[in-house]
1. Output the pairs from 74/448; 264/654; 251/379; 117/148; 48/478; 297/537 with a Cα-Cα distance over 28 Å in this structure; if there are none, say none.
2. Sorting 457, 659, 254 on the 10 Å Cβ count, fewest up front, what's the list?
3. Dipole of the chain (Lys/Arg Cβ +1, Asp/Glu Cβ -1, origin at the Cα centre): which of 34, 304, 130 lies farthest to the positive side?
4. Measure nothing fancy, just the Cα-based angle from helix 523-545's long axis to the longest principal axis of the chain, in degrees from 0 to 90, nearest 10.
5. Roughly speaking, what is the centre-to-centre gap between segment 149-205 and segment 692-730 when only Cα atoms are used, to the nearest Å?
6. Could you compute how fast segment 29-152 diffuses translationally, taking Rh as the Kirkwood radius over C-alpha pairs and applying Stokes-Einstein at 20 °C with viscosity 1.002 mPa s? Give it in µm² per second.
7. In percent, how large is the relative contact order of segment 29-152, given Cα pairs closer than 8 Å and 6 or more residues apart?
8. Identify the residues of segment 251-284 with backbone N under 17 Å of a label point that sits 7 angstrom from the Cα of residue 656 along the Cα-to-Cβ direction, or state none.
Amino acid sequence: MESGTDTFVEKTSQLYQDYDHLFLNIFYTQSMVVLVENGDVTDPELLKAVDRLEHLSSSIEGVVETSSMASVIKETNFQTSGRYRIPDDPAQIDHLLEIAGPQQLMPDETHTIIFVKAAGDTNENALREILREVEFAAEFADFPPEYKVIVTGDPAFNVAMEDEMNASMGPLLMLSGILMIIVLYLVFRHVRWRLLPLAIVFLGIIYTFGVMGYVRIPMSMVSMSAFPILVGLGIDYAIQFHNRIEEELDKGESESEAVIETVKHTGPAVFIALIITSLGFVSLFTSSVPMIQDFGKLLLIGIFMCFLASLFVGVTVIYGLDTLGKNNHIFRKLASLKPSISIRKVKDNENGTGTKIKNKANGDSLERLIEKTTMATIKHPGIVLFLAISLCMAGFYADSQVPIQTDMKTFVPTDMPALVDWNHMADVLGGGVFLNLIIKVDDAADPKVLQWMDEFSEHEVEARSDIYGADSIVPIVKQMNGGTIPDNRNEVQAIYDQLPEEVRNRYIYSNSMLLLNLDIGNAWEGLGIKGMEELVKIVRTDVMWMPPPPDVSVTITGDTVTFTEVISALTTGRVAMTMLGLIMVFGGLVIIYRDWLKAFTPVITMLMVIGWAGGVMYIMGIEYTPMTATLGALILGVGSEYAVLMMERYFEEKEKGRSPVEAMREASKKIGKAIITSGLTTLFGFSALIASPFSMNSNFGMVTVIDVALALLATFIVFPPVLVYLDSWRDRRMGIEVP
């Protein structure tokens, strides 16, 4: 499992170098915030409890800095009286607070803050341990009972969010499995061992985990969502093989003959579908975000492993079960579960030889519905295609109006305690989101550099409405020098030498770098991804128009800049990814079939689905998120599989001498239920995600369900008339009589 910067940003990129090497490793700290409220925070007993908490926290391994009003009062008391302690007299404390001046650590008389900071590059496990120790320290500090103590901050929120997601995934996966079992049991009734595909696909998932470990593909928050997709795709492969071998066995073939026919006809069809699906997923590699590339690798490995499991394990198991069940009445009884269409039985005659008896109905309601739907669309191709194309064009236009959600806080349940605490902290403290400017200098004490920082900060705050303040070493230097910046470097250096080490480290690194933070408040909510990109560009332009002194360079980086770049790459590149996927699928089909008709028909069908999906998202008010942004490429891979399998069976039936209409009728009857079964299994499996308390997972499940449903709809409504019409047109041009 990896969640570091290199999962979001390529290590070779300048963005990664600036953020990870300069900002995280040098200036950034991760702050656990202990908020104390519900009483007079200048009370001596409370301040002593705060002092105990700070002392306990500072000794935690990995903590690099702590700060609180207790330490401010102790330092001010030491400077004025030489005693480094918290006075017992409230009046004396009030006097010391007047001397110290306004502090962020005490926003008002009923709130005070204790910051416990870890290094910016602290890994997730270490951060989790530090947070746990801080929570213990808050209990042991023995705060007066009337005060409320809240441990919050970004690390606390992130840890709680991960715990909540992990806790919710178990029940969701269980619900998903139950729904898939129900669908297989109800829809896949015409075969024996109807739940076997589910076991086969989970075997393929285990193979996938093994390959991931062998080739060292890490798990990330995006790649974790690949497994439901693999279950949906993999179960389709298992169902197709299962359906065909049962069909052959129902014809009266021997077990060996049934296996040969299944592998001969279904094997190539499913393998071609796998290749086309893979080509759809290849477009994910165009993303500049490493975890999206790993997502693509995982999908490619997973579908291949599921194919191998279905071909070699699934077919072999059915062969073995059928052979075993010949002379075992109890086993045969358990295996058949009385399917509705056909039951293969073996009855010993007087000589002891087995005779296969086939009891076949004329078809169930689902088969008749599929057949009627297919024939209706073939009879009215003009109306079907006009409606399909019109809705597709309207959908593509509507897709451009679908908003993009970038605020991670909106992805979690609104009543999650960690979010409630974080929002409360933000209300008390205000601001807290910054653009971080790292200024590379030859001499950090150069007065010209400090003067430029002061003028640039003032300009940004006054001229840019979304910048509310600036934080750097400059205000501290001015405060200690009577409100002005000294004229020579020695005086500046003398001020630096008087500062506590933690203050110097916060703004200065090795006399070669300075940090300037521009407070942008709650800009994410008001500006969105496009507005944030524009704001960063404006600040870069301002640096060009107000250049720093010679030999000084400015790098704009930090969480905000990096997150903006990553979200933009995840969401705005979705159209290019989808178009590339369409081109890849078309090219792959042309190479495989050397037939423009077989290449064009599945692609045009999936293009319709992609357009419809955008329109449905717009109508339902579903926003794009980092997860749903990849679904254009995913549905291309998933949906094209249904079309390819239907097309393969169509041409197989046509080779038997049937007309295009009759070939499509037979194809839809014989393979339609298998496609419906795999599609519904995928659909119901994903529908469990809709119940997730996390909106990002819920939206992902909702969009996937919509896309799979649309792909199934297109396979039986749009694909048949397109294929029959174009194939009949080509036959007539070649002089072949079409009935």
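What follows draws every value from the coordinates through simple rules; no lab data is involved. If you're wondering where the values come from, they're calculated on a predicted model, not measured in any experiment. Cβ: placed from backbone, ideal geometry, glycine included. Neighbour counts: every protein chain shown.
1. The pairs that break the limit, which is 28 Å between Cα atoms, are 74/448; 251/379; 48/478; 297/537.
2. Going from sparsest to densest Cβ surroundings: 254, 659, 457.
3. Farthest towards the positive pole: 304.
4. 60
5. Using only Cα atoms, the two centres lie 23 Å from each other.
6. Using the Kirkwood radius from Cα pairs, D works out to 146 µm²/s.
7. Numbers: 200 pairs, mean separation 58.9, N = 124.
Value for segment 29-152: 48 percent.
8. Within reach of a label on residue 656, which here means backbone N under 17 Å from a point 7 Å along Cα→Cβ, segment 251-284 contributes 251-254, 258-267, 269.
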